[in-house]
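Undergrad: One structure is given below, represented as structure tokens, and several questions about it will come after.
The values are calculated or read from the model by the stated rules, or taken from the named source; none is laboratory data. Note that the structure is predicted; figures quoted are calculated from it, not measured. A quick note on method: Cβ atoms are made from the backbone with ideal geometry, for glycine too, and the neighbour counts reach across all protein chains shown. SASA here: full protein model, heavy atoms, side chains in, ligands and nucleic acids out. Shrake-Rupley method; radii C 1.70, N 1.55, O 1.52, S 1.80 Å.
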Amino acid sequence: MRIARDHVKSDPGIEPLVRRDGKVGHPIQVEHPRGIVTHWFVPVAIEGHLAGYFLFDANQQLHRYSSFMRRPSSVAGAPDVSSWTDAKRVAKVAAGAASGRKLREPFLTYDGVPSRLAWAVPFDSDDGAAVYVAGDFAYSKPLDAESTG
């Protein structure tokens, strides 16, 4: 969190509104499906909206900052911060796309490459499939080493 706070205050590439009002949230580990932590997702919120996030590698080196802001002076249209940070909310979105199948616990991962972050919520079966959740959007696909990472 400290490293992200330092970047928020000093990085000229970050919107002035975020530098002034952005609140750095708790880091969330980004896992490969085999359980290895590959990155850390650090959200930056303004008034309950996810203004953007930092992605650090496992060695705490900044990989990138991504903004959800459509205009540099407003968070209007940015997703609700809990849609990307609250595992219980993610589980509810996944349940809506699970067609009644039982699901396991969600974990933050990526779909194919680290730049395509999504929560994975595996089905409680041995078929290797999962519901992926990105914000309030959910989709199903296999959960394996070939599909993520």
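Undergrad: Can you find, within the stretch 25-42, the residue that is farthest from ALA120 (Cα to Cα) among those that are at pLDDT below 95 and open to solvent by 70 Å² or more (accessible area, probe 1.4 Å)?
TA: ILE36
Undergrad: Give me the pairs: first residue in the stretch 1-24 and at pLDDT below 95 and among the hydrophobic types (A, V, I, L, M, F, W, C), second residue open to solvent by 70 Å² or more (accessible area, probe 1.4 Å) and part of a loop (DSSP other than H, G, I, E, B), beta-carbon distance under 9 Å, and six or more apart or on different chains, which are they?
TA: MET1/HIS26; ILE3/GLN60
Undergrad: Among the residues of the stretch 9-44, what is the count of those that are of a type outside the set (Gly, Ala, Ser) and over 13 Å from LEU55 (Cβ atoms)?
TA: Start the filter on the stretch 9-44 by keeping residues that are of a type outside the set (Gly, Ala, Ser), which leaves 9, 11-12, 14-21, 23-24, 26-34, 36-44.
Subsequent filtering for residues that are over 13 Å from LEU55 (Cβ atoms) retains 9, 11-12, 14-21, 23-24, 26, 31-34, 36.
So the answer is 19.
Undergrad: Is it the case that some residue within the stretch 10-20 is within 21 Å of VAL133 (Cα to Cα), surrounded by 14 or more Cβ atoms within 10 Å (Cβ to Cβ) and touching a Phe, Trp or Tyr at 6+ places or on another chain (Cβ under 7 Å)?
TA: Looking for residues that are within 21 Å of VAL133 (Cα to Cα), surrounded by 14 or more Cβ atoms within 10 Å (Cβ to Cβ) and touching a Phe, Trp or Tyr at 6+ places or on another chain (Cβ under 7 Å), one finds none in the stretch 10-20, hence no.
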